[in-house]
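The values are calculated or read from the model by the stated rules, or taken from the named source; none is laboratory data. The model shown is predicted, which means the values in this text are computed figures rather than measured ones. Glycine also receives a Cβ, built like all others from the backbone with ideal geometry; neighbour counts cover every protein chain displayed. In case anyone asks, the SASA skips ligands and DNA or RNA and just uses the protein heavy atoms, side chains included. Shrake-Rupley method; radii C 1.70, N 1.55, O 1.52, S 1.80 Å.
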Amino acid sequence: MSGTYLGMPAFPAAARDAVRDTTLRANLRHATHTIRDKRAKAVAELDDWARLREAGRQIKDHTLRHLGEHLLRLEEAVTAAGGTVHWAADADEANRIVTPAIHRNRGEIRDIFAREMAQWGRPAPDGPPRSASRGRTSWSPRPAPWWSWSRRATGGCA
């Protein structure tokens, strides 16, 4: 897999164009300064910033050292809830596992997405009309994530 999505230029060409784009550079400069200013303000408001940062680093390091154990516990919980965890060695294998499931269940995925968006008071993006015969859309999802969730009992994503 090349890592370049269909219709996108290769990184060197895209980077060359981006460096020449003065508007993009100005927007990036503004965003970077805004983020840095907000971070500095937040840091200044906390007397124990260094202690909190160190505690966060220790939590992250501990979690990463024990990631295998956490993932096995997650697999147990997902399986107990009726789901299936798919393990993949790399992104290509994950895509081979997940992409067919996404395409088989894209109508259901879109319905879940629309329902979740509605719970937050946001409309789901308009998509193509559903096919009356199959109840599915021709909507195509973005590249597959590294994991998938399935519901064996209800016939959800596989």
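Condition check ((1) more than 27 Å from the chain's Cα centre (by Cα); (2) exposed (fewer than 10 other Cβ atoms within 10 Å of the Cβ)) across all residues:
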{"position": "P9", "(1), (2)": "no, no"}
{"position": "A13", "(1), (2)": "no, no"}
{"position": "R20", "(1), (2)": "yes, yes"}
{"position": "R25", "(1), (2)": "no, no"}
{"position": "A31", "(1), (2)": "no, no"}
{"position": "A44", "(1), (2)": "yes, yes"}
{"position": "D48", "(1), (2)": "yes, yes"}
{"position": "R51", "(1), (2)": "yes, no"}
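Taking the stretch 60-102 on its own, how many of its residues are assigned to a loop (DSSP other than H, G, I, E, B), within 23 Å of I112 (Cβ to Cβ) and over 21 Å from the mean Cα position of the chain (by Cα)? Looking only at that region, the number is 2. In the set T154, T137, T99, T84, only one residue is open to solvent by less than 90 Å² (accessible area, probe 1.4 Å), among the β-branched types (V, I, T) and modelled with pLDDT under 55; that residue is T137.
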